[in-house]
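Peer 1: Structure incoming, see below.
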Amino acid sequence: MSGRPLRRSGLAVLAAAALSFSLAACNSDVTGSQTASSAAGEQAKHTGPVRIALLAASSQNGFNKAVYDGALAQAKKLGDVEVTIFDGKFDSQTQFNQLQNVAGQGKFDGIVIVPNDNVGVAAAVPAAAQAKVPVVTVLFPIGPNLTEMTPQTPGVVSTVASNAETDAKAQAEGVVTYCEGKDPCNVAILIGQLQFPFDNLRYKAYQSVLEQHSNIKVVATGQGNYDRDTSLKAMQNILQANPKLDAVLSNADQQTTGAQIALESAGLDLSKMYVTGGGGNTEAIKQVRAGKWAADLVNFPVSMGGAALDQAVNAVLGKPVTAVVDANKLGPVPLIVTKEILGQYPDFSGEWSD
């Protein structure tokens, strides 16, 4: 993480006589939990600690781990807050069942979720609403409208995210600028999993920008599954059929890292290409600073986790809740960073690692 102060709204930090973290378990889907306790006394209208379930898309994924870290850090600041993480295993049905189960257990006061299928999981939210367990969604809105950040599903009280379509188009515009005067400009796209609504949205956003320019040829698309090794193999396959690539457009840093290994093994000089990723992890920031990646789209998952925790706790305690937290405004750097831009932020190293 960058080490910069995190911007937060909501509860003030409670003066604590003692703080302790402890692991807890709820069912077989729980990866881990941690408690921040305070001797400052009970909050009005709520007795005991505020118990928050964090439903990760995958607890093994670096980005989701960073969201959890941010929630834990904020829980420690607030005091009397417990955070338990559940592993969604990058499986929509698993996470759907978790949401329903957590809502019905009576063990949790609020839910923070990083959804796998933001459309499909909406059908599980009414169980939480009926149980009066507020839901805060991170990274993506929950509901049929993929670009509407204002909560659109009853039971969801806050969205900590940005417009993924707009962000993806900004990424693709960087490719367009690079490809000016190059005909053809051969582009390979790496996308997470096209069966997920938001990956499909990003892919269509990429296409909508690139297809406006006749010199740009999208010669291949690979699904990287947010995994370095999967993306390495995907790029190796792409290069067998398309050895002369000019640009690689990826929505995830893990995927770009895998692609880089394949590209360099094939003898390609990345500094002469346009290679980009998404997420802003520490390795991506290093590669952009070194001039090997042309650009990166930066997210702030630790800050997002902290902001989401704030809103969930506020909802539980009956305090004001911010319905939309613009995730792009939680960090110190612009959405898209280049080597030149990062030169203006020498201390920024990214908020997470793979």
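The values are calculated or read from the model by the stated rules, or taken from the named source; none is laboratory data. Predicted model only: the values in this text are computed from it and were never measured. With ideal geometry, Cβ positions are generated from the backbone for all residues, glycine too; neighbour counts draw on all protein chains shown. Accessible surface areas use protein heavy atoms only, side chains included; no ligands, DNA or RNA. Shrake-Rupley method; radii C 1.70, N 1.55, O 1.52, S 1.80 Å.
Peer 1: Touching an Asp or Glu at 6+ places or on another chain (Cβ under 9 Å), closer than 26 Å to Ser303 by Cβ, open to solvent by less than 50 Å² (accessible area, probe 1.4 Å) and modelled with pLDDT of 95 or more: does that describe Val160?
Peer 2: Against the criterion (touching an Asp or Glu at 6+ places or on another chain (Cβ under 9 Å), closer than 26 Å to Ser303 by Cβ, open to solvent by less than 50 Å² (accessible area, probe 1.4 Å) and modelled with pLDDT of 95 or more), Val160 qualifies.
Peer 1: Taking the stretch 241-275 as the search range and keeping residues that are among the β-branched types (Val, Ile, Thr) and touching a strand residue (DSSP E or B) at 6+ places or on another chain (Cβ under 9 Å), which one is surrounded by the fewest Cβ atoms within 10 Å (Cβ to Cβ)?
Peer 2: Across the stretch 241-275, the extreme among qualifying residues is Thr257.
Peer 1: Within the stretch 284-304, which residues are closer than 20 Å to Ile113 by Cα and open to solvent by 10 Å² or more (accessible area, probe 1.4 Å)?
Peer 2: Asn299, Val302
Peer 1: Moving on. Take the stretch 173-203 and flag every residue that is closer than 20 Å to Ala259 by Cα and among the aromatic types (Phe, Trp, Tyr).
Peer 2: Tyr178, Tyr203
Peer 1: Can you find, within the stretch 43-73, the residue that is nearest to the chain's Cα centre (by Cα) among those that are at pLDDT 95 or above, within 23 Å of Leu317 (Cα to Cα) and open to solvent by 10 Å² or more (accessible area, probe 1.4 Å)?
Peer 2: Once the filter is applied, the top-ranked residue is Tyr68.
Peer 1: Out of Asp310, Asp253, report the one residue that is closer than 19 Å to Val160 by Cα, in contact with a helix residue (DSSP H, G or I) (Cβ under 7 Å, 6 or more places away or on another chain) and in contact (Cβ under 8 Å) with a residue 24 or more places away in the chain.
Peer 2: Only one candidate qualifies: Asp310.
Peer 1: Being closer than 30 Å to Lys107 by Cβ and open to solvent by 10 Å² or more (accessible area, probe 1.4 Å) narrows it down to one of Val325, Val313, so name that one.
Peer 2: After applying the criteria, what remains is Val325.
Peer 1: Let me ask something else about it. Quick one: would you say Leu146 is in contact (Cβ under 8 Å) with a residue 40 or more places away in the chain and surrounded by fewer than 20 Cβ atoms within 10 Å (Cβ to Cβ)?
Peer 2: Yes: the conditions hold for Leu146.
Peer 1: Considering only the stretch 328-341, state which residues are among the aliphatic types (A, V, I, L, M) and either surrounded by 20 or more Cβ atoms within 10 Å (Cβ to Cβ) or under 24 Å from Thr159 (Cβ atoms) (or both).
Peer 2: The answer is Leu330, Val333, Leu335, Ile336, Val337.
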